[in-house]
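Reading through the structure tokens given below for one structure.
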């Protein structure tokens, strides 16, 4: 069986850890890259038939916002809130409050490992009626790992972690359209310095997001409505590696495109329906023979511009396989009196390209300047490591202080 280079690299990183913690890293790979990332099937034992997409630092693909998490990960075009920059920075320009802060937290894979978690802190400030600045910090902790040598002697405790810091600028053009961008610094420390005799170092990279948001008040089916659309091209940046001798790998560059419709039934009731399409802009692994030579597809080791642009036409199976790499998120939100919200959604990923499929539910409460949201992921615990995942978001949106 021939494993992808990314899986081998990850295995090397965790070579000296206890088996139960080695499985922790493999579970993360299984979660983000799908079941086919860990075991490629073959025909006649010689030709790889499974072609995945394997970027580094996949924690950047986790949606921290509980509101979007409850709507099947949909939200690039949903009307903005304080967590807007986590899914579409351009939406910040349409926030009604002048400044605010928010905090999101999620115990990740808690059914499998007790101490992995994701925290997200963000804030925004309105410079004028059209311009908003924002900043955020995303921190992903893999808990504590006991290091051992080849004789199973303990070598201490290590806490691998990853983080990303963003600075965001969003500006409104007219009353219906805005653009936004985020500059991102990424830090990934997954080893204790040396693995299997090879000197390791934390991985570092920089990236940008480029996004747009459009909304249009209208009338549909005899009711006031707001139609909106959004696009976010995220994690476009430098490659990353953990050693001087290691091949640098792509960041999880991603395209998220979607639309939403908000129906204002009366002064107390409104519904929002959202649909997002999601695609990684990362080279697809080619089909190789028993010697590792490419027989279909393209070499994944190429420049960042070539990798991003080529990601729409490099699948060995052609256009049909490219379509399989598109994930679909759908969500619905009901809001009563601008204070209480109930949400539900569904996320779909093709079985050959990750096989993440699950329902989500959640709710929200708004009182004065406080917003509290939560989400729950409904999945079969035997089939999905994400089953029973909870996400919480608390936002404080302030009015201007009177002189």
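Overview of values
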{"quantity": "Residue-span extension gain [residue 135 to residue 219] - 0.36 nm each, minus C-alpha spacing", "calculated": "26.7 nm"}
{"quantity": "Centroid-to-centroid separation of the stretch 201-255 and the stretch 153-192 [C-alpha atoms, Å]", "calculated": "12 Å"}
{"quantity": "Label-zone membership for the stretch 331-350, site residue 267, 7 angstrom Cα→C-beta point, backbone N under 19 Å", "calculated": "335-340"}
{"quantity": "Nitroxide proxy distance, nm - points 7 Å out along Cα→Cβ at residue 96 and residue 154", "calculated": "5.6 nm"}
{"quantity": "For 177, 213, order by how many other beta-carbon atoms lie within 10 Å, fewest first", "calculated": "177, 213"}
{"quantity": "Relative pair counts by distance (%), Cα atoms of the stretch 253-369, 10 Å bins", "calculated": "12, 31, 24, 16, 12, 4, 1"}
{"quantity": "Residue order, fewest to most surrounding Cβ atoms within 10 angstrom, among 308, 294", "calculated": "294, 308"}
{"quantity": "Calculated FRET efficiency for the pair residue 359/residue 201, C-beta based, R₀ 60 Å, to 0.05", "calculated": "0.90"}
{"quantity": "Estimated inter-spin distance, residue 175 and residue 247, nm [label 7 Å along Cα→Cβ]", "calculated": "5.4 nm"}
{"quantity": "Burial ordering of 91, 201, fewest other beta-carbon atoms within 10 Å first", "calculated": "201, 91"}
{"quantity": "Pairwise label distance in nanometres, residue 368 with residue 187, each label 7 Å out on the Cα-Cβ vector", "calculated": "3.6 nm"}
{"quantity": "For peptides 71-78, 331-338, sequence by mean Cβ density within 10 Å, most packed first", "calculated": "71-78, 331-338"}
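Laboratory data are not the source of any read-out in this text; all were calculated from the coordinates shown. The structure displayed is predicted, hence computed values, not measured ones. Reconstructed Cβ throughout: ideal geometry from the backbone, glycine too, with neighbour counts over all protein chains shown.
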